[in-house]
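S.K.: I have a structure here, written as structure tokens, and I will follow up with some questions on it.
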Amino acid sequence: MKANLNNIKQNFLIEEIWLLTFGGAFQHSGIYKANTKEKERSYFRNMLKGYLEQIVLKKYKQPVSDEDHIENIIRISNYTASFKEVLKAPINIGISQKLLNLALKYYWCLGLLPEPPHFPVDRIIQQKIYKQPLVNWTQLNTIDMYMQIINDARVLAKQNNLSLAQWELENFLRR
């Protein structure tokens, strides 16, 4: 019974991770077409969750390179192109990175996956980097813009002898 209870508890936390991930990535994003029904939105989120879980659980059991991580962000954006009936447009790089990076951060913090290669780029962390002008992450359309923010943070993390994920976690908590 105890093993079963532990599985139930872990499954509960994983479902909460996905609620937080979608809430964090889709807030203020305006991704949905006007007048889409909640049933259609829910179907899209469930399909995307399944796709993201495949990426997260299969590709991130071991540390991945920047190149592989960027490829996965692009894959997520490309995957959403098939949901034209629900979305105004495919999810851009900013929202795709936020989805993937948030999920990886939560799984890492729970000890379910190794440390992620990057962190969720948003306004809060850009303010910590003092990146000017701030890039609206919901409108981040290129990998170059995304990687500029990551590389600026990498410099600060290195100065503090921290990985990117560790640096972001410490600085996010100090907001």
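The values are calculated or read from the model by the stated rules, or taken from the named source; none is laboratory data. Keep in mind the model is a prediction, meaning the values are calculated, not measured. Please note: Cβ atoms are built from the backbone with ideal geometry, for glycine as well, and neighbour counts cover all protein chains shown.
S.K.: Mind counting the residues in the stretch 15-43 that are in contact (Cβ under 8 Å) with a residue 40 or more places away in the chain and aliphatic (A, V, I, L, M)?
M.R.: So the count comes out to 4.
S.K.: Pick from GLN139, GLN127: which is modelled with pLDDT under 95 and under 15 Å from the mean Cα position of the chain (by Cα)?
M.R.: Within the list GLN139, GLN127, the selection yields GLN139.
S.K.: Next up: Given (1) under 27 Å from TRP108 (Cα atoms); (2) surrounded by 12 or more Cβ atoms within 10 Å (Cβ to Cβ), identify the lone condition not met by LYS61.
M.R.: (2)
S.K.: With the structure loaded, tell me whether VAL64 is among the β-branched types (Val, Ile, Thr) and out of contact with any helix residue (DSSP H, G or I) (no Cβ under 7 Å at 6 or more places or on another chain) or whether it fails that test. Step through it out loud before you land on a result.
M.R.: Working: among the β-branched types (Val, Ile, Thr): yes; out of contact with any helix residue (DSSP H, G or I) (no Cβ under 7 Å at 6 or more places or on another chain): yes.
So VAL64 passes the test.
S.K.: Condition test on GLU71, is it among the charged types (D, E, K, R), touching a residue at least 40 places away in the same chain (Cβ under 8 Å) and either outside any loop (DSSP other than H, G, I, E, B) or surrounded by fewer than 16 Cβ atoms within 10 Å (Cβ to Cβ) (or both)?
M.R.: No: the conditions fail for GLU71.
S.K.: Does the stretch 139-146 contain any residue that is part of a helix (DSSP H, G or I), touching a residue at least 24 places away in the same chain (Cβ under 8 Å) and of a type in the set (Val, Ile, Thr)? Even if it seems obvious, please write down each step before you answer.
M.R.: So in the stretch 139-146, the residues part of a helix (DSSP H, G or I) come out as 139, 143-146.
The next check asks that each one be touching a residue at least 24 places away in the same chain (Cβ under 8 Å); those that pass are 139, 143, 145-146.
The next check asks that each one be of a type in the set (Val, Ile, Thr); those that pass are 143.
Looking for residues that are part of a helix (DSSP H, G or I), touching a residue at least 24 places away in the same chain (Cβ under 8 Å) and of a type in the set (Val, Ile, Thr), one finds at least one in the stretch 139-146, hence yes.
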